[in-house]
1. Grab the strands (runs of 3 or more DSSP E) fully contained in the range 100-156, keeping just those with 1 or more residues being within 16 Å of the ligand (Cβ to nearest atom).
2. All but one of (1) in a loop (DSSP other than H, G, I, E, B); (2) under 15 Å from the mean Cα position of the chain (by Cα); (3) more than 14 Å from the ligand (Cβ to nearest atom) hold for MET192, so report the exception by its number.
3. Can you say whether THR289 is more than 20 Å from ASN97 (Cβ to Cβ) and at pLDDT 95 or above, as far as the supplied structure shows?
4. Filter the range 225-280 for residues that are part of a loop (DSSP other than H, G, I, E, B) and in contact with an Asp or Glu (Cβ under 7 Å, 6 or more places away or on another chain) and give the result.
5. Quick one: in the range 162-182, which of the residues that are buried (at least 21 other Cβ atoms within 10 Å of the Cβ), away from the ligand (no atom under 12 Å from the Cβ) and not aromatic (Phe, Trp, Tyr) is nearest to ILE255 (Cα to Cα)?
6. Using the structure shown, decide if GLY212 is in contact with a Pro (Cβ under 8 Å, 6 or more places away or on another chain), within 16 Å of the ligand (Cβ to nearest atom) and not assigned by TED's automatic domain parsing to the domain that holds VAL260.
7. If the requirement is being within 16 Å of the chain's Cα centre (by Cα) and surrounded by fewer than 23 Cβ atoms within 10 Å (Cβ to Cβ), which of these qualifies: GLU223, GLU240, GLU206, GLU199?
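The values are calculated or read from the model by the stated rules, or taken from the named source; none is laboratory data. A quick note: this is a predicted structure, and the numbers were derived from the prediction, not measured. Using ideal geometry, Cβ is built from the backbone for each residue, glycine included, and neighbour counts are taken over all protein chains shown.
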Amino acid sequence: MSNLDRFIHNPLLHRRQLLKYGLTGLGLTTATLAWQSLKPQATARIPVVPANSPMMGNSFSPMQTLRDFDYGTVKQENGRTVREFRMVAGNTTLQLNTAVSFNSWNFNGRVPGPTLRAKAGELIRVSFLNQAGHAHSLHFHGFHPAAMDGIKPIRNGTGMIYEFEAEPYGLHLYHCHVSPVTRHIGKGLYGMLIIDPPEPRPVADEMVLLMGGYDTNDDGKNELYAFNGVPDYYMMHPIEIYQHQLIRLYVLNTIEIDPVVTFHLHANMFRVYPTGMTLQPTHSTDVITMGTAERHILEFEFKYPGEFMFHPHQDRIAENGCMGAFKVVSAT
Ligand SMILES: [Cu+2]
């Protein structure tokens, strides 16, 4: 059994085992693990997503990625809630379209990596194992000690435990910080960290949209772009939502090389929560500008049923894969 198999299949990561695999970290105990949901009791109206949504030749489906939140494994230590996550860096061939396949470097076999989700004030503990061949790391945005900043390369076959308090609440990102960072992120080593405020936000149909770019021929330019990893996926498979339902988008720009993009939604205005760090929107608009690593929570409802596009207003980027659509289903 490989290190990776043990890592994935063993429900408890004992300190002895972690040390054996070269993982180091803080204060691990073997307290009973329990699953705990952060989800509010009330639920939003969400059209049924087919379990077999198209994979387009990949090992993951962007339709699943959309509403897939990794709440980790929860345990109590010294009266404090600890939320543990597992991240494995590896390599996967991505089918970007029928003609182009791409050797991605990624976390947990998918691009983007899992959307990690915790509540403000909890302790986040991420067990990271690098099985990707190259040295990689995990660098989180948000507050943490220098030793947890994730700029130290973690050699192939070894690991690291990153531990820090979940703060501040908002929408953050993580990515590999090994040089050249543009290449490591461009290969797919990025994802989202959501830290929920102490009082939950109103119930909504929540989704993540991470914008990424692909330099498919190593010429220092992006040839293809995508929301949630696969170019044009949500154009081919529009996202079904209900009319009048509150929609909450967690939007993150992780496009390297191109310095800035916008996010534009057709036939609507969205309310903006910059970096997800406010509980009240700062303004409403239908286009918002984001430099690389910028992100916002956007909220809206659709007044009319039908199909409505979303895309950056840099049309070359949109027309090369960073384009999608909502299919608004009548509420009646
Ligand atoms: Cu890397």
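1. Correct list: 101-107, 123-130.
2. All conditions are met except number (1).
3. yes
4. Step one: filter the range 225-280 for residues part of a loop (DSSP other than H, G, I, E, B), giving 228-232, 237-238, 243-246, 255-259, 266-269, 275-280.
Result: PRO238, HIS244, GLN245, LEU246, ILE257, ASN268, MET269.
5. LEU173
6. It is false that GLY212 is in contact with a Pro (Cβ under 8 Å, 6 or more places away or on another chain), within 16 Å of the ligand (Cβ to nearest atom) and not assigned by TED's automatic domain parsing to the domain that holds VAL260.
7. Testing whether each residue is within 16 Å of the chain's Cα centre (by Cα) and surrounded by fewer than 23 Cβ atoms within 10 Å (Cβ to Cβ) leaves just GLU206.
Rundown of residues vs (1) surrounded by fewer than 17 Cβ atoms within 10 Å (Cβ to Cβ); (2) at pLDDT below 95; (3) outside the structural domain of LEU94 (by TED's automatic domain parsing), yes/no style:
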| site | (1), (2), (3) |
| --- | --- |
| MET236 | yes, no, yes |
| HIS244 | yes, no, yes |
| LEU252 | no, no, yes |
| PRO281 | yes, no, yes |
| ARG295 | no, no, yes |
| LEU298 | no, no, yes |
| PHE310 | no, no, yes |
| ALA331 | yes, yes, yes |
